[in-house]
Amino acid sequence: MSRAWNLGIRSMGVMLLGITMLGVAACGDDENSAAGDSTPEGGNDRLAVVATTTIIADLARNVAGEHAEVSSLLPVNADPHDFEPTPGDIEMVADAELILEHGLELDIWADGLIDESGTDAPVSVVTAGVRTIQGEEDDHEDEDDHEDEEGGEHTGVDPHVWFDVANAQIMVRNIRDGLTIADPDNTDAYAANADAYLAELDELDDWIREQIAAIPQENRKIVTNHDAFGYYVDTYDLELVGTVIPSLDTQAQASAQEIAALLDVIEAEGVSAIFSENTVNPNLAEQLADEAGIEVVDDLYSDALGDDESGAGTYIDMMRLDTTRIVEALT
């Protein structure tokens with residue numbers, strides 16, 4: 001896919017952002033759209049790294065250590081599916097020395113943003129080489145590729161790859177390689193930091209498997225608010241019975257027939273809880289849970305990390321919190 005702005009309504013946004021960019025730069029606005037992040041101040045010789053999502057930014061900070069200033073375009077608790085970049089984001093990308101992009105259609109808005117900024121910074125797609133699966137919404141498709149609602153090619157690949165810790169480790173290695181290319185003087189430090197963090201992720205993966213093993217096999221059936229936990233279910237021996245929003249995109253809507261069918265499945269399968277996430281409105285999930293007479297767990301994290309007080313401010317903390325909530329609800 002060429003670097004073009006996400007189709008439709010965003011084309012006007014690009015024009016407005018481009019017109020506004022000079023004024024923003026003249027005012028010296030350092031604002032970062034991610035809470036708690038800031039662009040490097042003048043005289044700071046650390047590598048300026050911009051990640052498209054909070055999860056990528058956290059992985060990158062663990063690899064970069066003191067040698068880079070990592071900022072996230074996506075704020076905490078924000079939904080990447082409907083994120084609209086600001087003029088400040090254009091300036092941040094323009095000043096970057098390395099850009100870390102997710103790919104797999106999760107941050108499709110980044111392509112136009114990078115083009116509009118005029119940056120010549122290297123771009124690393126951190127999901128290169130990860131194991132992918134199809135989303136539940138696309139399992140019935142006869143072909144791998146089909147057109148999305150805006151007329152562009154839609155692969156149906158589930159972009160939530162970080163819910164398999166092994167995929168997160170591949171992302172870490174790709175980040176290490178990107179940092180090394182952008183800043184070869186600190187190659188040894190990036191390699192050492194990556195190795196240490198990969199060992200932490202090995203421990204995380206073992207811990208998740210131990211926790212899930214405590215759930216009786218007949219109870220390992222879950223319903224989620226949208227189709228974000230496919231890799232988690234596939235990797236850690238759970239069964240995804242259905243989703244309230246039958247889509248990889250949180251902006252999709254369920255029909256009355258789909259909701260009725262999901263209620264039938266919940267009853268037939270003996271599902272004990274519906275799980276909702278921080279980036280999705282839980283109202284419909286709560287209504288379904290009330291009608292089915294089951295619990296709703298509305299504090300999972302999926303597409304974005306939480307703030308420092310959330311208990312999900314890092315990737316490892318997010319995975320631990322989600323696992324704890326799932327195990328508590330199913331045992």
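Which ones in segment 181-236 are polar (S, T, N, Q) and surrounded by 13 or more Cβ atoms within 10 Å (Cβ to Cβ)?
Once the filter is applied, which keeps residues that are polar (S, T, N, Q) and surrounded by 13 or more Cβ atoms within 10 Å (Cβ to Cβ), segment 181-236 yields 186, 187, 193, 211, 219, 224, 225, 235.
Any chance you could count how many residues in segment 259-308 are closer than 23 Å to residue 80 by Cα and part of a loop (DSSP other than H, G, I, E, B)?
Residues that pass the stated criteria total 13.
Got a sec? Which of 189, 214, 196 is in a helix (DSSP H, G or I), over 23 Å from residue 121 (Cα atoms) and among the hydrophobic types (A, V, I, L, M, F, W, C)?
196
Restricting attention to segment 60-101, and to residues there that are in a loop (DSSP other than H, G, I, E, B) and hydrophobic (A, V, I, L, M, F, W, C), which single residue is farthest from the chain's Cα centre (by Cα)?
So, considering only residues that are in a loop (DSSP other than H, G, I, E, B) and hydrophobic (A, V, I, L, M, F, W, C), the one farthest from the chain's Cα centre (by Cα) is 96.
Quick check on residue 329: is it more than 19 Å from residue 238 (Cα to Cα), more than 23 Å from the chain's Cα centre (by Cα) and either of a type in the set (Gly, Ala, Ser) or at pLDDT 90 or above (or both)?
Values: more than 19 Å from residue 238 (Cα to Cα): no; more than 23 Å from the chain's Cα centre (by Cα): yes; either of a type in the set (Gly, Ala, Ser) or at pLDDT 90 or above (or both): yes.
No; evaluated as a whole, the condition is false for this residue.
Out of (1) surrounded by fewer than 24 Cβ atoms within 10 Å (Cβ to Cβ); (2) closer than 30 Å to residue 276 by Cβ, what's the single condition that is false for residue 114?
(2)
Within segment 145-171, restricting attention to residues that are in a strand (DSSP E or B) and at pLDDT 50 or above, which residue is nearest to the chain's Cα centre (by Cα)?
157
Which pairs turn up if I take residues in segment 98-113 that are of a type in the set (Val, Ile, Thr) and look for partners that are modelled with pLDDT under 95 with beta carbon separation below 7 Å, at least 6 apart in sequence or on another chain?
Cβ pairs passing all conditions: 108/6.
Name the pairs whose Cβ atoms lie under 9 Å apart, with the first residue in segment 293-315 and surrounded by fewer than 17 Cβ atoms within 10 Å (Cβ to Cβ), the second part of a loop (DSSP other than H, G, I, E, B) and of a type in the set (Val, Ile, Thr), and 6 or more positions between them or separate chains?
Filtered contacts from segment 293-315: 307/76; 308/76; 310/76.
If I ask for residues that are farther than 18 Å from residue 77 by Cβ, buried (at least 19 other Cβ atoms within 10 Å of the Cβ) and modelled with pLDDT under 85, which ones from segment 263-290 would you list?
Once the filter is applied, which keeps residues that are farther than 18 Å from residue 77 by Cβ, buried (at least 19 other Cβ atoms within 10 Å of the Cβ) and modelled with pLDDT under 85, segment 263-290 yields 288, 289.
Taking the condition of being of a type outside the set (Asp, Glu) and farther than 18 Å from residue 170 by Cα, how many residues in segment 99-126 meet it?
11
The values are calculated or read from the model by the stated rules, or taken from the named source; none is laboratory data. Remember, it's a predicted structure, so these values are computed and weren't measured experimentally. Backbone-built Cβ (ideal geometry, glycine too); neighbour counts: all protein chains shown.
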